[in-house]
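S.K.: Below you'll find the structure I mean.
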Amino acid sequence: MRVLLVHPSALMYSEIFLRLEPLGLERVGSALLADGHDVRLVDLQAQPRADLDRQVTDFRPDAVGFSLNYLANVPEVVDLAKWLKGVLPECLVFAGGHSLSFVAEQVIGHADGAIDVVLKGEGETGAPALLAALPDRAIADVPGAVTADGAGRPPVMVHSLDEHLPARHLATRRRKYFIGTMDPAASIEFTRGCPWDCSFCSAWTFYGRSYRRLSPEAAVEDMARIQEPGVFIVDDVAFIKAEEGDEIARQLERRRIRKEYYLETRCDVLLRNEEVFRRWRALGLNYMFLGLEALDEDGLKAFRKRTTPKVNNKALEVARSMGLSVAINIIADPDWDEARFAFVREWAMSVPEIVNITVQTPYPGTETWMTESRRLTTLDYRLFDVQHAVLPTRLPLHRFYEELVRTQAVLARKHLGFAALAKTTGIVARQLLRGQTNFVNMIWKFDKVYNADRQYSEHLRDVEYTLPPPSEHVAVAPERKALYIHAPARRRS
C-alpha cells in the first residue's frame with residue numbers, strides 16, 4: 001500500500017529556537033515499511049506546501065497519516081484532510097499523536113468525514129494494525145481506533161522500543177533540523193514515559209505512569225546511524241536510572257561515537273546521578289534543559305514538581321561546574337502583574353543560564369485542564385501553544401503580552417543578536433562553511449516573531465474549530481484513570 005505521512009507546520013516557538021525532525025513519524029514509517037508498505041513523508045516544518053501537493057499528485061497515496069502532537073496544529077490538519085478528500089476521495093485519511101489522543105472524538109467531528117479514523121496512543125502499533133484491517137473493513141477492531149461511530153478497543157503499547165528504530169531516510173530535508181547552536185541536529189529517543197505526575201503535564205497520563213527504555217544496544221545502534229554532528233535526546237527526563245545512562249555511554253565510548261548532545265532532565269535527577277552527566281559531558285554533552293517552572297516553594301507545590309528551590313539552585317550550581325550551557329523554563333502565571341514580571345526579569349538577568357518564559361496553559365489530558373478549563377477565555381486550538389494566555393489575566397490582555405514580550409526580549413538579548421554572534425563566531429563560521437544557516441537566521445528573528453500586537457490580535461481571529469470544555473468542573477484532582485490513554489502496566493496485565 002502507498003502511504004504518505006505528513007507532519008504539520010511549525011508553531012510559534014519553533015519559528016526561532018528549534019526545528020526538530022519528526023521522530024515519531026519516522027518510527028511509524030519504520031513499522032509500516034516492515035509490513036511491506038511503500039512509505040513517504042512530508043514535513044511541513046521544513047518543506048513548502050507545494051511538496052505535499054506534488055506528493056499527492058505524483059505518488060497517489062492509498063492512505064495518508066497526519067501527526068498531531070500539538071493542539072495548535074489541529075485546524076491546519078483538519079483543513080488539509082478536507083482538501084485531501086476532495087483530491088483523493090477514496091484515500092484513507094487517518095491521524096494520531098500525543099495531543100490528538102485526548103481530543104480524538106472532537107477532531108473526528110470537526111473533520112466532517114474527511115478524517116476516517118483517529119488512532120489513540122502509540123502509532124507504531126496503531127498504524128500497521130489499521131492498514132492490516134482495511135481489506136476486511138475491520139477498522140473498529142483496531143486498538144486505539146476512533147471513528148465517527150465511536151471508540152473501540154483501548155490502544156496497545158509497543159511491545160519493545162527496540163523495534164522500529166526511526167526510518168530517518170524518510171525525512172528528506174535533514175539539514176533543516178536544528179536546536180540552538182546545534183545546526184544541523186538529529187533527534188533520538190532512549191526512554192519513553194515519565195514516572196512523575198506534574199499537574200500541568202500530560203506525558204504521564206498518556207503513558208499511564210509507565211517508563212520504558214530502549215536496550216543500550218539498540219540505543220547505540222540508532223546513534224551510530226545518525227549522520228548529523230548534533231543530537232537532541234528527546235526523553236522527558238534523561239538518565240533517570242544511572243546504570244542505563246552509564247551503559248549507553250560505555251558502548252558509545254567503545255565504538256568511538258562522538259556527537260554534540262542536548263538533553264532535558266530534572267534538577268533532582270541531575271543531583272542524584274551527577275557522575276552519569278559528567279561522563280556524558282566528556283562524550284560531548286554541551287547543552288541541558290532544566291524545567292524549573294517556578295522560583296518559589298508555593299509555585300513548585302502548585303505544579304507538583306516534587307522538588308524545592310534549594311534543590312533547583314544546587315542543580316544549577318552543579319551544571320555550571322560542568323561547563324554546560326543550561327536553558328531553564330519558567331511558567332508565567334496569567335495572574336502575574338508588572339511587579340512579578342519585573343522580579344522575574346531581574347532574577348533571570350542575574351544568572352548565566354538561558355531563561356525561557358512560557359505561559360501557563362491547561363491542556364486536555366492534564367489535571368489542570370480538569371480543574372481550570374471552566375475559567376478559559378478561549379477555546380481556539382491555535383492559541384494553545386504556551387505562547388498565548390488562555391486563562392484570565394490580571395493585567396489587561398494586551399498589557400500582559402507587553403510585559404511577557406518585554407521579559408522574553410530582555411532575556412533573549414543575552415543570547416541572541418550581537419550577543420550571540422560575539423559568543424559563537426567560530427560556530428557560526430563553521431556552520432556557514434557547511435551551508436547551514438538555521439542558527440544564523442534564528443538570532444535575528446525574535447522581534448519579527450514575538451510582539452504584543454501580534455499575540456493580542458491572534459485572539460481576535462475568526463474561529464472555526466474549538467476545543468470542547470470538560471462536561472463537569474472538577475475542583476480537586478480527578479480520578480487518574482479518567483486521564484490515561486494507555487492503562488498502567490498493572491492494569492494491562
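S.K.: Expressed in whole Å with the largest first, what are the equivalent ellipsoid semi-axes of the range 99-191 derived from the C-alpha gyration tensor as the square root of 5 times each eigenvalue?
M.R.: Ellipsoid semi-axes (Å, largest first): 30, 17, 13.
S.K.: Something else: For the range 177-457, taking Cα atoms only, what is the radius of gyration to one decimal and the Dmax to the nearest whole Å?
M.R.: 19.4, 58
S.K.: Return the equivalent ellipsoid semi-axes of the range 257-369 as a descending list in whole Å, where each equals the square root of 5 times an eigenvalue of the C-alpha gyration tensor.
M.R.: That gives 27, 16, 13 Å for the three semi-axes.
S.K.: Would you mind pulling out the separation of the Cα centroids of the range 301-355 and the range 15-49, in Å?
M.R.: With the range 301-355 and the range 15-49 each reduced to a Cα centre, they are spaced 34 Å.
S.K.: Taking every DSSP beta bridge that has both residues in the chain, what percent is antiparallel when rounded to the nearest 5? Show your work: numbers first, answer last.
M.R.: Working: 11 of 53 bridges.
For the chain, the DSSP antiparallel bridge percentage is about 20.
S.K.: Output the Kirkwood hydrodynamic radius of the chain, Cα pairs only, in Å rounded to one decimal.
M.R.: 23.5 Å
S.K.: Please give the charge dipole size of the chain, origin at the Cα centre, charges +1 on K and R Cβ atoms and -1 on D and E Cβ atoms. Round to the nearest 20 debye.
M.R.: Dipole magnitude for the chain comes out near 1320 debye.
S.K.: I need the calculated FRET efficiency for the pair Glu297 and Asp35, taking r as the beta carbon distance and R₀ as 56 Å, to the nearest 0.05.
M.R.: 0.60
We did not get these values from a lab; they are worked out from the coordinates using the rules stated. Because the structure is predicted, anything quoted here is derived from the model rather than measured. Neighbour counts are summed over all protein chains in view; Cβ atoms, including those assigned to glycine, are modelled from backbone coordinates with ideal geometry.
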